[in-house]
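To start, the structure itself, in C-alpha cells.
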Ligand code: GLY
C-alpha cells in the first residue's frame with residue numbers, strides 16, 4: 001500500500017492506493033457524511049457505505065450538466081446539510097466530477113473526498129482536483145480546481161467492471177506511460193494479458209505508477225498553466241470522437257493518441273518504430289485503431305480545443321515513448337500536416 005500526496009493551492013489531497021474502501025469510515029469518524037453515487041454503485045456496495053444519507057444521480061455523460069448540480073444543491077438543502085458536513089463521491093469519473101463540483105460550490109464549498117469505483121477514475125479522473133460539468137455538449141466547460149481531501153483506490157471494486165469499462169482505464173494508463181514513464185510502457189507491453197485478467201500485482205503497479213506520475217505533475221502545475229497540459233495528450237481528437245462517433249472515452253483516447261503519435265513522427269522526434277509500438281500496445285488491450293474519421297472532423301476538433309490560444313494551439317507531441325513536449329503550433333501548420341496525413 002502506498003499513499004501519495006497532492007499539496008496544491010486549492011487544497012491538499014491524500015491518495016490511498018490498494019486500500020479497502022471501508023477505510024473511509026475511519027477517515028470520516030464523527031462527521032456527518034452525505035454520499036453522492038449512482039444506482040449501479042449503490043446496488044453493489046450500499047451495505048458497506050459509511051453513511052445512510054445518499055443522493056443518487058443517473059449514469060452516463062448526459063448527466064454531467066448544471067441541472068444535475070442544481071438537483072443536488074436542492075437535495076442538500078432538503079437534508080439541511082451545512083458546511084460542517086462532508087460529501088463523499090463514490091463511483092466512476094462522472095460521479096467524481098459532479099460530486100466534486102457540487103461540494104466545491106455548495107455554500108461556497110464544503111469538504112469532500114472520493115472513492116473511485118472504476119479503473120479510469122482511480123488512475124485519472126478522481127485525482128488532481130478537476131471538477132466540473134459539460135455545457136451544451138461541450139466537455140467540462142464549467143468547473144473548478146479543488147482538491148478532494150482523500151481518494152481511496154480499492155482494487156476489489158474493479159472486479160465488477162465490464163471489459164469495456166476496464167479498457168477506458170488502460171487507455172489513460174497508456175497515456176501516462178507515453179508522456180512520462182518509459183518503464184511503465186514496457187511493463188504494459190510485457191504484462192497486457194495479466195492486466196486484462198486483473199492480476200492484482202499487475203493492476204497494483206499500473207495504478208501506482210500512473211498516480212505517481214499524475215500527482216507529480218499536478219504538484220508542479222495544479223492549474224494547468226504548463227506541464228499539466230501533457231495530461232491531455234490525445235484528448236483534443238478524442239473528445240471530438242466521443243461526441244461524433246459515440247465511442248467510449250478510452251476507445252476515443254486510444255484513437256486520439258494514435259493520431260497524435262502519427263503527428264509526432266511528422267512534427268517531433270518520435271520514430272516510426274515508436275509509433276508502431278503504440279499501435280501494437282493498443283491492439284493488445286483491444287483498443288481498436290481502425291476507425292473511419294474525416295480529416296475535417298479532426299481539424300474542427302483542433303480549432304475548438306481549450307488549449308487553443310488565438311491562431312496557435314498548445315499541442316502535445318511525443319519526442320519518444322516516455323517523453324512528451326508541448327509545442328505552440330500555428331493552427332494552419334497543424335491543419336496542413338493533418339491534410340498531408342489524410
Ligand atoms: N485528466 C487530465 C487532468 O487531470 O489534467
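The values are calculated or read from the model by the stated rules, or taken from the named source; none is laboratory data. Values in this document were obtained by computation on a predicted structure and should not be read as measured data. Neighbour counts run over all protein chains shown; Cβ positions are idealised from the backbone, glycine included.
Which of the strands (runs of 3 or more DSSP E) found entirely inside the stretch 86-176 contain at least 2 residues meeting this: within 16 Å of the ligand (Cβ to nearest atom) and under 12 Å from the mean Cα position of the chain (by Cα)?
Those strands (runs of 3 or more DSSP E) span 130-135.
In this structure, is residue 149 in contact with a strand residue (DSSP E or B) (Cβ under 6 Å, 6 or more places away or on another chain) and more than 24 Å from residue 289 (Cβ to Cβ)?
So residue 149 passes the test.
Out of all the residues in the stretch 276-286, is one or more assigned to a helix (DSSP H, G or I), under 21 Å from residue 331 (Cβ atoms) and in contact with a helix residue (DSSP H, G or I) (Cβ under 9 Å, 6 or more places away or on another chain)?
The answer is no; no qualifying residue exists.
Tally the residues that are closer than 25 Å to residue 243 by Cα, surrounded by fewer than 20 Cβ atoms within 10 Å (Cβ to Cβ) and in contact with a helix residue (DSSP H, G or I) (Cβ under 7 Å, 6 or more places away or on another chain), restricting the search to the stretch 309-325.
Looking only at that region, the number is 3.
Could you check residue 217 against (1) within 26 Å of residue 60 (Cα to Cα); (2) in contact with a helix residue (DSSP H, G or I) (Cβ under 8 Å, 6 or more places away or on another chain); (3) within 12 Å of the ligand (Cβ to nearest atom) and say which number it fails?
(1)
Among the residues of the stretch 181-203, is any within 30 Å of residue 146 (Cα to Cα), modelled with pLDDT of 95 or more, within 16 Å of the ligand (Cβ to nearest atom) and surrounded by 15 or more Cβ atoms within 10 Å (Cβ to Cβ)?
Yes: the stretch 181-203 contains one or more residues that are within 30 Å of residue 146 (Cα to Cα), modelled with pLDDT of 95 or more, within 16 Å of the ligand (Cβ to nearest atom) and surrounded by 15 or more Cβ atoms within 10 Å (Cβ to Cβ).
List pairs: first in the stretch 111-133 and closer than 17 Å to residue 249 by Cβ, second near the ligand (Cβ under 10 Å from one of its atoms) and assigned to a strand (DSSP E or B), Cβ under 8 Å, 6+ apart or cross-chain?
Between residues of the stretch 111-133 that are closer than 17 Å to residue 249 by Cβ and residues that are near the ligand (Cβ under 10 Å from one of its atoms) and assigned to a strand (DSSP E or B), the close pairs are 130/140; 130/145; 131/145; 132/140; 133/140.
Okay, residues lined up against (1) part of a helix (DSSP H, G or I); (2) surrounded by 18 or more Cβ atoms within 10 Å (Cβ to Cβ):
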{"position": "40", "(1), (2)": "yes, no"}
{"position": "43", "(1), (2)": "yes, no"}
{"position": "46", "(1), (2)": "yes, no"}
{"position": "50", "(1), (2)": "no, yes"}
{"position": "67", "(1), (2)": "yes, no"}
{"position": "71", "(1), (2)": "yes, no"}
{"position": "74", "(1), (2)": "yes, no"}
{"position": "77", "(1), (2)": "yes, no"}
{"position": "80", "(1), (2)": "no, no"}
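Among the residues of the stretch 223-244, is there at least one that is within 15 Å of the ligand (Cβ to nearest atom), over 19 Å from residue 309 (Cα atoms), assigned to a loop (DSSP other than H, G, I, E, B) and in contact (Cβ under 8 Å) with a residue 40 or more places away in the chain?
No, the stretch 223-244 contains no residue that is within 15 Å of the ligand (Cβ to nearest atom), over 19 Å from residue 309 (Cα atoms), assigned to a loop (DSSP other than H, G, I, E, B) and in contact (Cβ under 8 Å) with a residue 40 or more places away in the chain.
Only residues that are in contact with a strand residue (DSSP E or B) (Cβ under 6 Å, 6 or more places away or on another chain) and in a loop (DSSP other than H, G, I, E, B): list them for the stretch 195-222, please.
If the condition is that a residue be in contact with a strand residue (DSSP E or B) (Cβ under 6 Å, 6 or more places away or on another chain) and in a loop (DSSP other than H, G, I, E, B), then 222 is the only one that fits.
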